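*Asks:* Here you go, one structure.
The values are calculated or read from the model by the stated rules, or taken from the named source; none is laboratory data. Just so we're clear, the structure is a prediction, and the values are computed from it rather than from any experiment. Don't worry about glycine lacking a Cβ; one is built from the backbone with ideal geometry, like all the others, and counts go over all protein chains shown. Only protein heavy atoms, including side chains, enter the accessible area calculation; ligands, DNA and RNA are left aside. Shrake-Rupley method; radii C 1.70, N 1.55, O 1.52, S 1.80 Å.
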Amino acid sequence: MSELLGELKSDLGLNDKEYRHTYANERLNGLIATQIKVLREQRVWRQEDLAANAEMHQPMISRYENVNYSSWSIKTLKQLALAFDVILEVKFRSFGDMVRGVDEFSRESLQVPKFSDDPFFKIKHSVKRPKIRLGIRARNVGQVGAFKVVTPLTDRPIQLPLQWDLPVGSKLGPQLVNNSPQHQQENASIRDLSMKAAAASSGAGREYVRQQASR
Amino acid sequence: MQKDELAKLNQKLDMLRREPELPPQLLAGPLEGKPIHKLRINGRVALRPMLCKGPINNDSEFTLLMGATEKDRVLIPEDAIDQAADRRREVIANPNGRRTPHERVTWGTEERPGAER
């Protein structure tokens, strides 16, 4: 425990409510003013820059960056949070938390990255997801009027008869191909259907396609 | 000194001890071109304790030179800056004899009327 922390613990521990609340309020005012300045300097902004980003006037920023300013409002702080692209957190805390935080008061502890520099959103998290390959290969896409038929597992383009009359909701409509294991069976049936369709210049093949599409 | 004034003064001094350069406008000065600064403690009475950096070790210490107040932007006593500068010179001339480590004054140190105990 630092000397200052020990002194403060004894000081506030004397159980005078008005004294400790006045101390805490004064500390809060100082912390807010200091953090506004630290965040502005972290972004290499002048007071004018912060004023422009927060849609305020520069003299107001000058007033906020003063440990003696005490007329804070949540609305103003939210406006500043938006300008800095950080969040505003307002929390009720114990006096013990305040005293413990005394030793952490430093420029580094007050700096907060803007969203685009937030390391949390820059790290790729290792969330396990099933391997899904989604895609349409253009050379395997056949056009039927306004519809496209995808045959992901064949390399040859399909020649489809243009007079097809596809029922609404048919699986022969536009679709992405999901190659995950649970979709393999469906893919196989699509492949089968498509290959049959590719050869369906005859009436039998065409009838087969109709049957499959109407299932 | 009133309870709230003492709490504010102690808080400002704590900030000065922890990170003197960081809190914006914690210290006002140098005043009138002299190496004298003042702390601002606002309240019913505007306390303006006068202090200086060092003056022996300028990087790691401040010396409280005298107490003053301010009314309508005028220091009381009016020559507070000059008096503080004189005391600074005295400290430089005899640092050990004219200074003592700061002792925290706490509202609850003695029984006072109105204190919730």
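*Asks:* Could you tell me which residue of segment B:58-96 is nearest to the chain's Cα centre (by Cα), considering only residues that are within 25 Å of A:L4 (Cβ to Cβ) and open to solvent by 70 Å² or more (accessible area, probe 1.4 Å)?
*Replies:* Only one residue tops the list, namely B:L64.
*Asks:* Report, by residue number, each residue of segment B:52-82 that is outside any strand (DSSP E or B) and in contact with a Pro (Cβ under 7 Å, 6 or more places away or on another chain). Reasoning before the result, please.
*Replies:* So the first thing to find is which residues in segment B:52-82 are outside any strand (DSSP E or B), and the list is B:54-61, B:67-68, B:72-73, B:77-82.
Correct list: B:I56, B:G67, B:A68.
*Asks:* Separate question: Would you check which residues across segment B:10-31 are within 9 Å of chain A (Cβ to nearest Cβ), buried (at least 18 other Cβ atoms within 10 Å of the Cβ) and not in a loop (DSSP other than H, G, I, E, B) and list them?
*Replies:* Hits for segment B:10-31 are B:N10, B:Q11, B:K12, B:D14, B:M15.
*Asks:* Does B:R99 fit the bill of being of a type in the set (K, R), without any contact (Cβ under 8 Å) to a residue 12 or more places away in the chain and either surrounded by fewer than 13 Cβ atoms within 10 Å (Cβ to Cβ) or within 20 Å of A:L4 (Cβ to Cβ) (or both)?
*Replies:* On the way: of a type in the set (K, R): yes; without any contact (Cβ under 8 Å) to a residue 12 or more places away in the chain: no; either surrounded by fewer than 13 Cβ atoms within 10 Å (Cβ to Cβ) or within 20 Å of A:L4 (Cβ to Cβ) (or both): yes.
Considered against the rule, which asks whether it is of a type in the set (K, R), without any contact (Cβ under 8 Å) to a residue 12 or more places away in the chain and either surrounded by fewer than 13 Cβ atoms within 10 Å (Cβ to Cβ) or within 20 Å of A:L4 (Cβ to Cβ) (or both), B:R99 comes out as no.
Matching residues to (1) touching a Ser or Thr at 6+ places or on another chain (Cβ under 9 Å); (2) free of Cβ contacts under 8 Å to residues at least 12 places away in the same chain; (3) closer than 25 Å to B:L6 by Cα:
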| residue | (1), (2), (3) |
| --- | --- |
| A:L8 | no, no, yes |
| A:E18 | no, yes, yes |
| A:A81 | no, yes, no |
| A:Q111 | no, no, no |
| A:S116 | no, no, no |
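*Asks:* Considering only segment B:32-43, I want to know if a residue exists there that is more than 17 Å from A:R27 (Cβ to Cβ), facing another protein chain (nearest Cβ under 10 Å) and not in a helix (DSSP H, G or I). Spell out how you get there, then give the answer.
*Replies:* From segment B:32-43, those more than 17 Å from A:R27 (Cβ to Cβ) are B:32-38; that's our starting set.
Those still in the list that are facing another protein chain (nearest Cβ under 10 Å) too: none.
Looking through segment B:32-43, none of the residues is more than 17 Å from A:R27 (Cβ to Cβ), facing another protein chain (nearest Cβ under 10 Å) and not in a helix (DSSP H, G or I).
*Asks:* Of all residues in segment A:7-44 being within 7 Å of another protein chain (Cβ to nearest Cβ) and polar (S, T, N, Q), which is most open to solvent (accessible area, probe 1.4 Å)?
*Replies:* We begin by selecting, within segment A:7-44, every residue within 7 Å of another protein chain (Cβ to nearest Cβ); these are A:7-8, A:11, A:14-19, A:22-23, A:26-27, A:30, A:33-34, A:37.
Subset that is polar (S, T, N, Q): A:15, A:22, A:34.
Values: A:N15: 85, A:T22: 23, A:T34: 0 Å².
So the residue we want is A:N15.
*Asks:* Would you check which residues across segment A:64-89 are surrounded by fewer than 15 Cβ atoms within 10 Å (Cβ to Cβ) and either within 14 Å of chain B (Cβ to nearest Cβ) or not in a loop (DSSP other than H, G, I, E, B) (or both) and list them?
*Replies:* Within segment A:64-89, A:S70, A:S71, A:I74, A:K75, A:K78, A:L82 qualify.
*Asks:* Quick one: is A:E3 open to solvent by 40 Å² or more (accessible area, probe 1.4 Å) and either among the acidic types (D, E) or within 7 Å of another protein chain (Cβ to nearest Cβ) (or both)? Show your work before the answer.
*Replies:* On the way: open to solvent by 40 Å² or more (accessible area, probe 1.4 Å): yes; either among the acidic types (D, E) or within 7 Å of another protein chain (Cβ to nearest Cβ) (or both): yes.
Here the answer is yes, as A:E3 does meet what is asked.
*Asks:* Could you please find all residues in segment A:54-63 being surrounded by fewer than 18 Cβ atoms within 10 Å (Cβ to Cβ), more than 13 Å from every other protein chain (Cβ to nearest Cβ) and in a helix (DSSP H, G or I)?
*Replies:* A:Q58, A:P59, A:M60
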